[in-house]
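**Student:** One structure follows; several queries about it will come next.
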């Protein structure tokens with residue numbers, strides 16, 4: 001639903017975790033970038049880094065943890081924003097802080113009171 005809305009608004013490029021480009025193609029996007037953890041791209045004055053996330057994925061009943069989960073660091077004009085995506089706490093946060101001086105972090109609030117379980 002959100003992808004179709006973005007496409008109707010004229011968004012030209014979308015970034016997905018590796019292996020999830022079919023969702024973008026079905027929504028009508030032609031310029032799709034797939035990224036794995038710690039990969040970087042630069043487009044339109046933005047540097048985007050794919051970051052690890054700790055999440056149980058389940059797109060269909062039979063595919064538990066078969067798709068990649070990630071967050072993103074977005075850098076532009078001397079500022080760095082971290083969008084955690086759908087993640088729980090993990091050891092990767094230490095490395096994230098060592099790699100990037102984050103100005104703003106957009107973090108999830110989990111339904112189960114902040115606990116992350118597998």
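**Student:** Say we look at segment 43-57 and pick out the residues that are at pLDDT below 95 and over 10 Å from the mean Cα position of the chain (by Cα); which of these is farthest from residue 15 (Cα to Cα)?
**Tutor:** Ranking the candidates gives 56 first.
**Student:** Looking at segment 24-42 only, could you name the residues that are exposed (fewer than 15 other Cβ atoms within 10 Å of the Cβ) and either under 15 Å from residue 6 (Cβ atoms) or at pLDDT below 90 (or both)?
**Tutor:** If the condition is that a residue be exposed (fewer than 15 other Cβ atoms within 10 Å of the Cβ) and either under 15 Å from residue 6 (Cβ atoms) or at pLDDT below 90 (or both), then 25, 26, 28, 30, 31 are the ones that fit.
**Student:** State whether one or more residues within segment 102-109 are out of contact with any strand residue (DSSP E or B) (no Cβ under 9 Å at 6 or more places or on another chain) and at pLDDT below 80.
**Tutor:** Within segment 102-109, one or more residues are out of contact with any strand residue (DSSP E or B) (no Cβ under 9 Å at 6 or more places or on another chain) and at pLDDT below 80.
The values are calculated or read from the model by the stated rules, or taken from the named source; none is laboratory data. Predicted model only: the values in this text are computed from it and were never measured. No Cβ is skipped: glycine too gets one built from the backbone with ideal geometry, and neighbour counts run over all protein chains shown.
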